[in-house]
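**Q** The structure's right below; bear with me while I get my questions together.
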Amino acid sequence: MASNFSDIKTSQKPAVFKFFAAGAWTSSATDKFIEIHSPIDNAIVGIVPSVTKEEAEMAVESAKNAQKGWEGMLIHERVDLLHKTAGLIRDNVDLLRDLIILEIGKPFSEAEDEVLRTVDLIDYYAEEGRRLVGDVWESSAFPGYKKNKVAIARRVPLGVVLAIPPFNYPINEGAPKIVAALVSGNTVILKPSTQGTISSLHMVELFRQAGLPDGVLNCVTGKGEDIGDFLVTHPLIDAINLTGSFETADEVAHKAGMKKLLFGLSGKDASIVLADADLVQAADEIAKGSFSYGGQRCTGIKRVLVEEKCHDEFVELLKKSVSKKYILGDPRIKENTLGPIINDRTAGYIAELLEDAVNMGAKVVLGGKREGRNMEATILTEVTKKMRLAWEEPFGPILPVLKVASWEEAVATANQSEYGLQSSVFTKDIDKAWAVAEALEVGSIQINGKDARGPDHFPFTGFKHSGLGMVQGAKYLISEMTRYKTIVMNTKG
Ligand code: G3H
């Protein structure tokens, strides 16, 4: 049964949303509001407050005050509350899907998948939380010691976690940060990405309806430039779990001080196609890996490195697959599988990269047209390492193809990037696949499959400028939300 969301906003049109702190939806006293416009047609989806520092302070203090009580609660009671939240999200799939479509322009099926995947994610994370265990150590294992000491290294929560998800997965990147922290006994301040705030506020309300105690989850809204520094430098915040750009993370890292940092960041994922690959399968996977949600995914394939011998055949297959799968249009309509770019600034940046590549000799072999934020699925060949498109992350529907002479050259080119999120390699030769996987400097590698973060229990991290710590994967992220506390029992031996 769908839930009632009347407490989270005013009844005026467009709705003005509240922020959530100490278990209550509160109208902000700020004089600064942010209109959230849909990238589809610029219509206002809602208005959210840029909360004041005093309001953000109230949220942080309530999280701090609630933490010990939440940590002290029985683990199975925490798990039950999370399962209840998953059930409520399942009951509200249609509403959350429609909000995601409006707010970030994600195509219909992908927006629905995001919500359904999150239901399963929360259930899985909740169960994994039951299995969080520490270690027991015996003194006599160490030279010179008798059997007179036993150390119990327990996993205890970090405290208050600041969760900052990106715009492209307001629900599915928000939920793991919240749930991993909560199931292990932390409390949370959620600071949603501005575009994505309204979907996030609805999700927070479902956590509330599930019965979370006051203060355990709080949500403050506003732009990073207004409350970001206040939150990331706050002495009561113990950890920051952020998904976003390297530039933002780098700034946060310099300001945060003695806090645990977990970052999931940008990528320039290379997909390597070797001449012996099943080219039809490779083209299909790369089409999806590159153009789902219009390339606005950290794990989107952002360049293809193809062996010369199969280049032309592969490009033909790729064009065929992309033009069949990706239909540009209003993402509210199920048949349209390619929606708008999130904002004009990004659309302009992508146009710049395209122009630079074409001016330097690249050929547009598919798409290339753009009207405002709506851009056709675009493929470029004859791309060289001199072009910006070979190195920069466009975050949009544009895919450069580069020719390479061998797998060794592909690996060298892939590794030249400042990023190291994920890569994929397509080949039937298991030895080459293994050699490529071993040599790539990335957090994860797909053999004969498109780049992707999920399934959501798989470990996921980024090397180089792509991340810090294990940012996804139920067992790993929950573990990152804890630290060891060792109690040594001294006995007579
Ligand atoms: O944008 C970054 C996301 O973590 C990518 O996730 O591979 O499930 O699309 P995805």
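**Q** At most 15 other Cβ atoms within 10 Å and a DSSP loop assignment: could you name the trypsin sites (Lys or Arg not before Pro) in segment 154-241 that fit? Don't jump to the answer; show the numbers that get you there.
**A** Numbers: sites: R154, R155, K177, R208, K223; in loops: K223.
Those that pass, being in a loop and sparsely packed, are K223.
**Q** Using C-alpha positions alone, give me the convex hull volume of segment 368-419 per residue in cubic angstrom.
**A** Numbers: hull volume 4.5 nm³, N = 52.
Cα convex hull per residue, to the nearest whole number: 87 Å³.
**Q** Apply the Debye scattering formula to segment 269-455, with a single equal point scatterer on each alpha-carbon and no solvent, then give log10 I(q)/I(0) at q = 0.09, 0.13, 0.14, 0.16 Å⁻¹.
**A** -0.28, -0.59, -0.69, -0.92
**Q** Normalise the Cα radius of gyration of the chain by 2.2 N^0.38 Å (N = residues in it) and let me know the number.
**A** 1.02
**Q** Also, I was wondering about something else. So what is the orientation-averaged projected area of segment 1-160, using the convex hull of its C-alpha atoms, in nm²?
**A** Here the figure is 14.2 nm², rounded to one decimal.
**Q** Right, here's the next one. When we measure straight from the Cα of K485, which aspartates and glutamates land under 12 angstrom away, once same-chain ones fewer than 8 places off are left out?
**A** List returned: D135.
**Q** Using a simple spin-label model with points 7 Å from Cα along the Cα→Cβ vector, what separation in nm is obtained for S323 and D94?
**A** 3.8
**Q** Further, regarding this structure: Can you pull out the trypsin sites (Lys or Arg not before Pro) in segment 416-453 whose DSSP state is coil and whose Cβ has at most 14 other Cβ atoms within 10 Å?
**A** Numbers: sites: K428, K432, K450, R453; in loops: K428, K450, R453.
When the trypsin sites (Lys or Arg not before Pro) of segment 416-453 are filtered for loop state and at most 14 Cβ neighbours within 10 Å, K428 remain.
**Q** Can you pull out the trypsin sites (Lys or Arg not before Pro) in segment 9-87 that DSSP calls coil and that have at most 16 other Cβ atoms within 10 Å?
**A** Counting only loop positions with at most 16 other Cβ atoms within 10 Å, the trypsin sites (Lys or Arg not before Pro) in segment 9-87 are K32.
**Q** While we're here: Around V16, with a cut-off of 14 angstrom between Cβ atoms, what is the net charge of the other residues, counting Lys and Arg +1 and Asp and Glu -1?
**A** Summing Lys/Arg as +1 and Asp/Glu as -1 gives +1.
**Q** Report the gain in length on full extension from E313 to I430: 0.36 nm times residue separation, minus Cα-Cα distance, nm rounded to one decimal.
**A** Computed gain between E313 and I430 is 39.9 nm.
**Q** Mind checking the per residue accessible area of the chain for me, 1.4 Å probe, whole number of Å²?
**A** 41
**Q** Could you work out what % of the accessible surface of the chain is carbon and sulfur, using a 1.4 angstrom probe and leaving DNA, RNA and ligands out of the count?
**A** Roughly 53 percent of what the probe reaches on the chain is carbon or sulfur.
**Q** Near D135, within a Cβ-to-Cβ distance under 12 Å, what is the net charge of the other residues, with Lys and Arg +1 and Asp and Glu -1?
**A** So the surrounding residues net to +2.
**Q** Where the centroid of each part is defined by its Cα atoms, how far is segment 174-227 from segment 1-60 in Å?
**A** 13
**Q** Another one. Grab the beta carbon distance between I447 and D135, set R0 = 22 Å, and tell me the FRET efficiency rounded to 0.05.
**A** 0.10
The values are calculated or read from the model by the stated rules, or taken from the named source; none is laboratory data. Just so it is clear, the structure is predicted and the values come from calculations on it, not from any experiment. With ideal geometry, Cβ positions are generated from the backbone for all residues, glycine too; neighbour counts draw on all protein chains shown. For the accessible areas, the whole protein counts, side chains as well, though only heavy atoms, and no ligand, DNA or RNA atoms are used. Shrake-Rupley method; radii C 1.70, N 1.55, O 1.52, S 1.80 Å.
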